[in-house]
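Trainee: Input: one structure, supplied below.
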Amino acid sequence: MSDELEHVERMLQRTPPPETVPAAAAIAARNAALGAPAQVVRVPAARRWKTWWQVASGAATLGAAAAAALVLAITSAGGGFATPFSVALHGPQGAAAEVDFARPHNGLREMRITTKGVPPAAAGEYYEMWFRTPNGENVSAVTFNTAEAGKSTFTAVIPAGMKWHRCWITREDASGGSPRQMVLTT
């Protein structure tokens, strides 16, 4: 190897590893490169969930692993998150989530989701957050899992101009064999 290449190699070895990219920035970059940040999903009448009490009985066995669109890494709550409004979600056995929405920026609205009492998803299952638009469409916003302690905080983004009137979190089966189950709702 030449002296110049050895010098470059030594400089690279002394360089610290790159900083971790914040989840919201990674999502925004992905969406800018690949297109539409949210996917509109029409749920056929045959797949609509059972009544709340039936679904809530299965919520104790909530699960792990994401299979659909996007899996977010669990992060700690960061500073500098201005919250003009929040939404509280509730479920059985004290399960809850707080969704804080930031002000729109560059066509996106960052949300910080904090869950409590929601255990990690089982193998082959994942959680999914949904929004209902005024015209009745269900929009999948993010898929995720929770930490071992049942409390997690992570960020995601939705289009800044997206109008919605309800949000909820379901437990999904990656294979599609089981119907989705309502976990938390407004």
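What follows is calculated from the coordinates using simple rules that are stated; it is not laboratory data. What you see is a predicted model; the values in this text were computed from it and never measured. Note: ideal-geometry Cβ built from the backbone for every residue, glycine included; neighbour counts use all protein chains shown.
Trainee: If you check 151, 116, which single one turns out to be touching a helix residue (DSSP H, G or I) at 6+ places or on another chain (Cβ under 9 Å) and in contact (Cβ under 8 Å) with a residue 12 or more places away in the chain?
Mentor: 116
Trainee: Can you pull out the residues in the range 127-155 that are more than 21 Å from residue 109 (Cα to Cα) and either of a type in the set (Phe, Trp, Tyr) or touching a Lys or Arg at 6+ places or on another chain (Cβ under 8 Å) (or both)?
Mentor: The answer is 150, 151.
Trainee: Among the listed residues 98, 137, 148, which satisfies the condition of being under 14 Å from the mean Cα position of the chain (by Cα), surrounded by fewer than 16 Cβ atoms within 10 Å (Cβ to Cβ) and of a type in the set (D, E, K, R)?
Mentor: Result of the check over 98, 137, 148: 98.
Trainee: Anything in the range 108-133 that is over 22 Å from residue 180 (Cα atoms) and either aliphatic (A, V, I, L, M) or out of contact with any strand residue (DSSP E or B) (no Cβ under 7 Å at 6 or more places or on another chain) (or both)? List them, or say none.
Mentor: Answer for the range 108-133, where residues must be over 22 Å from residue 180 (Cα atoms) and either aliphatic (A, V, I, L, M) or out of contact with any strand residue (DSSP E or B) (no Cβ under 7 Å at 6 or more places or on another chain) (or both): 108, 111.
Trainee: Something else about it: Which numbered condition trips up residue 83, out of (1) touching a strand residue (DSSP E or B) at 6+ places or on another chain (Cβ under 6 Å); (2) surrounded by 15 or more Cβ atoms within 10 Å (Cβ to Cβ)?
Mentor: (2)
Trainee: Consider residue 175 against the criteria (1) in contact (Cβ under 8 Å) with a residue 40 or more places away in the chain; (2) assigned to a strand (DSSP E or B); (3) hydroxyl-bearing (Ser, Thr, Tyr): it satisfies all of them except one. Which criterion is unmet?
Mentor: That leaves (2) as the condition not met.
Trainee: Then there is this: Identify, by number, the condition in (1) buried (at least 19 other Cβ atoms within 10 Å of the Cβ); (2) without any contact (Cβ under 8 Å) to a residue 40 or more places away in the chain that residue 89 doesn't meet.
Mentor: (2)
Trainee: Considering the range 151-172 alone, what residues qualify as being more than 20 Å from residue 103 (Cα to Cα) and crowded, with 17+ Cβ neighbours inside 10 Å?
Mentor: Those that are more than 20 Å from residue 103 (Cα to Cα) and crowded, with 17+ Cβ neighbours inside 10 Å: 152, 168, 169, 170, 171, 172.
Trainee: Could we say that residue 162 is touching a residue at least 40 places away in the same chain (Cβ under 8 Å), among the hydrophobic types (A, V, I, L, M, F, W, C) and out of contact with any strand residue (DSSP E or B) (no Cβ under 6 Å at 6 or more places or on another chain) here?
Mentor: yes
Trainee: Looking at the range 156-172, which of its residues are closer than 25 Å to residue 106 by Cα and either of a type in the set (A, V, I, L, M, F, W, C) or outside any loop (DSSP other than H, G, I, E, B) (or both)?
Mentor: Scanning the range 156-172 gives 156, 157, 158, 159, 160, 162, 164, 166, 167.
Trainee: Report, by residue number, each residue of the range 101-118 that is crowded, with 20+ Cβ neighbours inside 10 Å and in contact with a Gly (Cβ under 7 Å, 6 or more places away or on another chain).
Mentor: 118
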